[in-house]
C-alpha cells in the first residue's frame with residue numbers, strides 16, 4: 001500500500017497516468033469510428049476484391065509496432081517527406097506528430113489495420 005501512496009503522491013505520476021487514460025479513450029473511440037463501418041460493410045455486402053483486402057489486413061498485423069511508429073516519423077516528422085512536400089509546395093504547415101495528438105493520430109487506425 002505504501003507504493004500506491006508514494007505513486008499517487010507525486011504529481012508527475014498522476015499526470016502521466018491521466019494522460020495515458022485520456023490517450024486510451026481517444027484512440028479507442030477513433031478506432032471504433034474508423035474500423036466499425038468498413039468491418040460492417042465487408043461483413044454484410046459482397047465486395048469485389050474482399051479477399052485481397054483481408055490478406056492485406058492480415059499482412060499488416062505481422063509488422064512490429066516500431067516499424068509503424070518509425071514510418072510515421074519518416075513521413076510526418078519535422079523533416080518528414082510529406083511534411084517537407086506540403087511545406088515547400090503548398091506552404092502548408094503540418095501539426096506536430098510529437099505529443100498527445102501525434103500519439104493519437106497514428107494509433108487510431110493501427111488496431112483495425114493491424
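The values are calculated or read from the model by the stated rules, or taken from the named source; none is laboratory data. Computed from a prediction, not measured in an experiment: that's the story for all the values here. Note that we place each Cβ from the backbone using ideal geometry, even for glycine, and neighbour counts take in every protein chain shown.
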Exercise. Scan the range 8-20 and give yes if some residue there is assigned to a helix (DSSP H, G or I), in contact (Cβ under 8 Å) with a residue 12 or more places away in the chain and under 22 Å from residue 98 (Cβ atoms), otherwise no.
Key: yes
Exercise. Kindly indicate whether residue 23 is in a helix (DSSP H, G or I) and either modelled with pLDDT under 90 or touching a helix residue (DSSP H, G or I) at 6+ places or on another chain (Cβ under 8 Å) (or both).
Key: yes
Quiz item: In the range 75-107, what residues are out of contact with any helix residue (DSSP H, G or I) (no Cβ under 6 Å at 6 or more places or on another chain), at pLDDT 85 or above, assigned to a helix (DSSP H, G or I) and surrounded by 12 or more Cβ atoms within 10 Å (Cβ to Cβ)?
Solution: 84, 85, 86, 87
Quiz item: Does residue 47 fit the bill of being in a helix (DSSP H, G or I) and surrounded by 10 or more Cβ atoms within 10 Å (Cβ to Cβ)?
Solution: no
Quiz item: Within the set of pairs 6+ apart or on separate chains, which have a first residue in the range 55-72 that is in contact (Cβ under 8 Å) with a residue 40 or more places away in the chain, a second that is part of a helix (DSSP H, G or I) and surrounded by 11 or more Cβ atoms within 10 Å (Cβ to Cβ), and C-beta atoms under 6 Å apart?
Solution: 60/113
Exercise. Name the one entry in 41, 53, 59 that is out of contact with any strand residue (DSSP E or B) (no Cβ under 6 Å at 6 or more places or on another chain), over 22 Å from residue 21 (Cα atoms), at pLDDT below 85 and assigned to a helix (DSSP H, G or I).
Key: 59
